Amino acid sequence: MPTTLIQGGTVISATGKGAADVLIEDGKIAAVLAPGAKTLGENLAENVDSTIDATGKYVIPGGIDAHTHMQMPFGGTEASDTFETGTRAAAWGGTTSIVDFAVQKYGEQVVDSLADWHDKAAGQCAVDYGFHQIIGDVNADSLAAMDGLMDEGVSSFKLFMAYPGVFYSDDAQIYKAMRKAADTGLLSMMHAENGPAIDAMVGELLAQGKTDPYYHGVARAWQMEEEATHRAIMLANLTNAPLYVVHVSAKQAVEQLAAARDVGQNVFGETCPQYLYMSLEDQLGAPGFEGAKWVCSTPLRSKHEHHQEGIWQALRTNDIQTVATDHCPFCFKGQKELGIGDFSKIPNGIGSVEHRMDLMYQGVVTGEITLERWVELTSTTPARMFGMYGKKGVIAPGADGDIVIYDPNGHTSIGLNKTHHMNMDHSAWEGFEVDGHVDTVISRGKVLIDNGEYLGKKGHGEFIKRQACQYLV
Ligand code: DUC
Ligand code: ZN
Ligand code: ZN
């Protein structure tokens, strides 16, 4: 039974911090000890297989990115990270678990799509992985298939109010799926944007010759996010289904979530780093076709409307509970370029799985969030939200030995030119310089990253059979 002792660091949890040593035994956390603790009068450090010096560093539970799309067919192409490359990049960035989306398309069976995702991921991953189920075709078969998802360890599913003709569900379909969710205990996840109205506006803009990436953000107006968020909340209220709204970017959508939470509804929100640091004007509005790098949905919002500040505030007030990435990478050459002359053909997505922990630590540096909140947003709450808590999201006896040793005095230069590990020919984060550094990453007791070296291997990552949401009011 291999044992590792992490000594001298400051252990951060969602509720506090303090000096402690952490003992990992056989892949699990065995003890969190007073510094220099002795057992049976012996110096513990002399009796373990290996020690890691974390003096001056933070010791945090491994990051959990609950929203990724590895090798997802989308927008006439396929997301450029495989499970192998994407989870390796996640490890580099201190994320030790991802939850990816198995995709049921129109005409497909849910069970087949889930089996397909297992085939893609099995034996490929550097870190542990779970699945949500996208239901892109709500019909009698898929509703029946939802009965079996919880037993498969897939305790959440996603519907789309956007993308008519691709993944879109109308209100009747949403109503039926939420009824099923209330019966089965599955968590409903929602892409909340009014797709039919957006598509009408896209048509108008293109007809006016407004084809640049910037107009992606114009067409996907905040009103369309607020409206859909409200409608999703009402349908969830009616059906008594817990609701998790993904990639929230509009401050008005946050107000809808907050109002529902204030009356005790089980409604939750997720945001992503791009909605905190980027804007319609500065990135989507970059000259020429450059803005295509930042085409994602929901879109980056106007800095003049102060959405970014609203989202930071929601992270403090717990009106938004988690930060994921919506990692959906596409290369510029041959993929983003599909939309030259027509922004609606640009594959939607940004790659960030490698940078989330660093980017959110920046919020600690600037005083937007506390250290504890950083851990809560990026690890502990995702674990609770998606039924992994106890095993993941916490440094406590019995939990998996998933640990990041983070150097607050370190520095991280982000981007392709700084040799990121995502399978992309560009970076949406090129040139970002942030305080803090992921020094050591441990997954179930195995060191994956240490001192700038990758020590992991594909196939180390195991499927996480998730339980029901542990975050309900
Ligand atoms: N948004 C994206 O940006 N990419 C994938 C799907 C989505 O909803
Ligand atoms: Zn989405
Ligand atoms: Zn997504």
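One table, with the values for the structure above:
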| read-out | value |
| --- | --- |
| Cα gyration tensor shape of segment 63-385, rounded if a/c is under 1.5, else prolate or oblate by comparing a/b with b/c | rounded |
| With all protein chains modelled, accessible area of residue 294 [1.4 Å, Å²] | 30 |
| Under-5 Å amide H pairs with residue 66, H placed in peptide plane, nonlocal only | 99, 325 |
| Burial order of peptide ranges 16-26, 119-129 (average beta-carbon count within 10 Å, highest first) | 119-129, 16-26 |
| Estimated [θ] at 222 nm from DSSP helical runs (n ≥ 4, -39500 (n - 2.57)) normalised by residues in the chain, nearest 500 | -8000 deg cm²/dmol |
| Helix 356-365 axis, angle to the chain major axis (alpha carbon atoms, nearest 10°) | 80 |
| Degrees separating the helix 307-317 axis from the principal Cα axis of the chain, which is the longest one | 40 |
| Per-peptide average of other Cβ atoms within 10 Å, ordering 299-309, 58-68 highest first | 58-68, 299-309 |
| Under the Karplus curve 6.51 cos²θ - 1.76 cosθ + 1.60, θ = phi - 60°, whole-Hz ³J(HN,Hα) for segment 249-256, x wherever Gly or Pro sits | 10, 9, 5, 5, 5, 4, 4, 5 |
| Cα gyration tensor shape of segment 254-335, rounded if a/c is under 1.5, else prolate or oblate by comparing a/b with b/c | prolate |
| Cα coordinate range in segment 146-240, projected on the principal axes (Å, largest first) | 50, 25, 18 |
| Backbone HN-Hα couplings from phi across segment 85-91 [Karplus 6.51/-1.76/1.60, Hz, Gly and Pro as x] | 6, x, 6, 5, 5, 4, 4 |
| Positive-end extreme of charge dipole, the chain - chosen from 72, 292, 19 (charges on Cβ) | 19 |
| Segment 12-26-segment 119-165 distance, computed between alpha-carbon centres (Å) | 34 |
| Whether segment 122-177 is rounded, prolate or oblate, judged on the alpha carbon gyration tensor where a/c under 1.5 counts as rounded | oblate |
| Amide hydrogen neighbours beyond the local backbone of residue 38, cut-off 5 Å, H modeled | none |
| Accessible-area ranking of 270, 290, 372, largest first, probe 1.4 Å | 290, 372, 270 |
| Karplus-derived HN-Hα couplings along segment 411-422 (A = 6.51, B = -1.76, C = 1.60, θ = phi - 60°), whole Hz, x at Gly and Pro | 9, 10, 9, 9, x, 4, 5, 9, 6, 5, 10, 6 |
| Amide proton proximity set for residue 245, modelled H, under 5 Å, gap of 5+ | 190, 268, 269, 270 |
| Protein-only accessible surface order, largest first, of 234, 224 at 1.4 Å | 234, 224 |
| Angle in degrees between helix 195-207 and the longest Cα principal axis of the chain, rounded to the nearest 10 | 60 |
| Packing-based ranking, highest mean first, of 86-95, 388-397 given that Cβ atoms within 10 Å are counted | 86-95, 388-397 |
| Sorted largest first, extent of segment 1-110 alpha carbons per principal axis (Å) | 65, 29, 22 |
| Antiparallel DSSP beta bridges within the chain, as percent of all bridges there, nearest 5 | 50 |
| Listed residues 418, 336 arranged by accessible area, highest first, probe 1.4 Å | 418, 336 |
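The values are calculated or read from the model by the stated rules, or taken from the named source; none is laboratory data. Being a predicted model, the structure only gives us computed values, none of them experimental. Reconstructed Cβ throughout: ideal geometry from the backbone, glycine too, with neighbour counts over all protein chains shown. When the accessible area is computed, the model is the full protein with side chains, heavy atoms only, and any ligands, DNA or RNA have been set aside. Shrake-Rupley method; radii C 1.70, N 1.55, O 1.52, S 1.80 Å.
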